[in-house]
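> Here's a structure for you.
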Amino acid sequence: MPDTITIIDNRTGKKYEVPVHDGMVNATDLRQIKTSEEDFGLGSYDPGFMNTAACTSRITYIDGDKGILRYRGYPIEELAEKSTYLETAYLVLYGELPSKAQLDDWTYNITHHSILHENIKKFIDGFHHDAHPMSILISTVAALSTFYSEAKNIYDAESRQKQTYRLVAKMPTIAGFAYRHSIGMPYAYPDNDLTYTGNFLNMLFKMTELKYQPNPVLERALDVLFILHADHEQNISTNVMRGVGSAHSDPYCSVAAAAAALYGPLHGGANEQVLRMLNEIGHKDKVPGFIAKVKAGEGRLMGFGHRVYKNYDPRAKIIKRTAEEVFELTGRNPLIDIALELERIALEDEYFISHKLYPNVDFYSGIIYLAMGFPIEMFPVLFALGRTPGWLAQWEESILDPEQKITRPRQLYIGADERDYVPLTSRG
Ligand code: CMC
C-alpha cells in the first residue's frame, strides 16, 4: 500500500499525489495545489494548532486517548515511583538515564550554580511588597540574561551546557527569593548539603534555625510533583520556548517568555485558579450548584479538561496518591473533600462525559502545595520550576534540528482591500 494520498482539486479537476509520513502530510506539499500560476498555493488554516505538528521530537510521548505519558520512553508512573527530580531532569535533557558518575557530576554542577549574583537581590528588592511571585520569577529570569552575555552563543555546546546548569540551579533560588520578598522575610541562601528539593524548601521556609531540616515526606512529595511537571511535549509554554528560541534569543529570555505563557490561567496558572475556585465553592453541598453554573456556560471547571488528554491525566492519578501521603503528615485539608466531590459529580455528568473532560495535573497539585504551606500565588512558580528542564531540552532539540526555521505562521487576511487615505477633515 503506497504511503500517499491522492487529492483531486475540484476547482481545476487536477490530481495530486502527496506523501504521508507517520500519519502526516507535509503542509508545504499542499502549495503545489494552485488554481493559476499566480495562486500562492493551498494552505491550511489551524487556529490553536489543533491538527498541526510544528516539530519532530524525541523527548516526550503522550497518548491522550489512553492517558499515557513517557519521558524518553520511560512511563511517568515508573519515574514518579523510582526516580528523583534531578535524575529525571537529566533524562529529559540528555535522553538517557545517567550513570552513577554522570548523576554525581550533574548533581554537583546544579548544586554549585544555585547562588544568584548579589545584584539580583537588589533587583528583586525593587518589586512592590505584593508583587505576584510569578511576575517576579519571569522578570528575574529575563534579567539573568544581562549577567551572562555569553548565553547568546547558542550554537556553542559548552555555553549551552553552562546556561542549562545555571537555569536549572537558579530557578529555585529565584522562586525562593520571590516568595521571601512577598512575605517580607530576609532571603535564605542555598544550602549545598541538601538535595535539590530539600534546598528549595530551605530557601522558602528557613527561619532562625542554624540548619534547616526538610521533612523527608514533603521533600519526596515535592520531588515527585517536579518529576510530573518536567516536560509535556508541545504545550503553549514549550511552543513559546521553541518560538522565541527560533529567533536565536538567549535561553534566559526564552525561558522568561515560556514562563510568561505558563502563567496564564488556562495553562500553568490553572493550579492557582483551582484553589480560588474551591475556596469560592466553600462546601461540598455547593458542588452541584457550581457544576450547574459551569454547564450553563458561567465559567469553567478549573483543573479539568486538556487539549491532548481525552482520558484521565496520568499525572493527576499520581498526584491524588501523593496527596494522601502528604495529608497523613499535615492533616486532611477540607478542600480535598470539595475537590473529590467535584470530581465524582463531574465524572458522572453527561456534559463532562460527552466533552471528555477529566481532572488534569492542576486539579490536585494545588491542594498538596497548600497542605505543604505554599501560598496560592506560588503554585504557578512551582510549575515553572519543575518545567525548566523540559523547556531547555525542547529548546536545544529545536535549535539543533536542521528542519527548524524561525517560527512564522501564515495568516488568512480578512481585512479591508486597498483604499485611498481620507484626510481628517473629510472623515465622517
Ligand atoms: N470546564 C467546562 N467546560 C470545558 C472545560 C472546563 N474546564 N474545558 C473544556 N470545556 C468545554 C468547552 O467549553 C468546549 O465546549 P463546547 O465544545 O461545547 O463549546 C469543549 O469543552 C472543548 O473545549 P476547548 O476550550 O475548545 O478545548 P481546548 O483543547 O482548546 O482547551 C483547556 C483545553 C485545558 C484550555 C480547557 O480544557 C480549559 O480551559 N480547562 C480549564 C483550565 C485548566 O485546567 N488548564 C490546565 C490544563 S493542564 C496543565 C497544562 O499542561 O497546561
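The values are calculated or read from the model by the stated rules, or taken from the named source; none is laboratory data. Small disclaimer: the values here were computed from a predicted structure and weren't measured. When we count neighbours, we look across all protein chains shown, and the Cβ atoms used for this are built from the backbone with ideal geometry, even at glycine.
> What are the residues in the stretch 336-354 that are out of contact with any strand residue (DSSP E or B) (no Cβ under 8 Å at 6 or more places or on another chain), of a type in the set (Gly, Ala, Ser) and within 14 Å of residue 290 (Cα to Cα), if any?
Matches in the stretch 336-354: 339 only.
> Could you list, in sequence order, the residues of the stretch 221-256 that are without any contact (Cβ under 8 Å) to a residue 24 or more places away in the chain and either away from the ligand (no atom under 16 Å from the Cβ) or polar (S, T, N, Q) (or both)?
Within the stretch 221-256, the subset without any contact (Cβ under 8 Å) to a residue 24 or more places away in the chain is 240, 244, 249.
Correct list: 244, 249.
> Kindly evaluate residue 390 against the criterion of being under 25 Å from residue 269 (Cα atoms), in contact (Cβ under 8 Å) with a residue 60 or more places away in the chain and surrounded by fewer than 17 Cβ atoms within 10 Å (Cβ to Cβ).
No, not satisfied.
> Still on this structure, I have one more. Would the stretch 160-183 turn up any residue that is surrounded by fewer than 19 Cβ atoms within 10 Å (Cβ to Cβ) and assigned to a loop (DSSP other than H, G, I, E, B)?
Scanning the stretch 160-183 turns up at least one residue that is surrounded by fewer than 19 Cβ atoms within 10 Å (Cβ to Cβ) and assigned to a loop (DSSP other than H, G, I, E, B).
> Something else about it: With the structure loaded, tell me whether residue 283 is modelled with pLDDT under 95 and more than 10 Å from the ligand (Cβ to nearest atom) or whether it fails that test.
So residue 283 passes the test.
> Picking from 383, 363, which residue would you name as being within 12 Å of the ligand (Cβ to nearest atom), closer than 29 Å to residue 170 by Cβ and either buried (at least 24 other Cβ atoms within 10 Å of the Cβ) or modelled with pLDDT under 90 (or both)?
After ruling out the rest, the residue left standing is 383.
> Right, here's the next one. Inside the stretch 98-138, can you point out the residues that are aromatic (Phe, Trp, Tyr), more than 15 Å from residue 161 (Cα to Cα) and assigned to a helix (DSSP H, G or I)?
Let us first name the residues in the stretch 98-138 that are aromatic (Phe, Trp, Tyr), namely 106, 108, 123, 127.
From the residues that got through so far, the ones that are more than 15 Å from residue 161 (Cα to Cα) too are 123, 127.
Hit for the stretch 98-138 is 123, nothing else.
> Could I ask something else about it? Only one residue in 298, 341, 325, 348 is touching a residue at least 60 places away in the same chain (Cβ under 8 Å), surrounded by fewer than 22 Cβ atoms within 10 Å (Cβ to Cβ) and of a type in the set (Asp, Glu). Which one? If you could, list the steps in order and put the result at the bottom.
Numbers: 298 fails: touching a residue at least 60 places away in the same chain (Cβ under 8 Å); 341 fails: touching a residue at least 60 places away in the same chain (Cβ under 8 Å); 348 fails: touching a residue at least 60 places away in the same chain (Cβ under 8 Å).
Sole residue among the options that is touching a residue at least 60 places away in the same chain (Cβ under 8 Å), surrounded by fewer than 22 Cβ atoms within 10 Å (Cβ to Cβ) and of a type in the set (Asp, Glu): 325.
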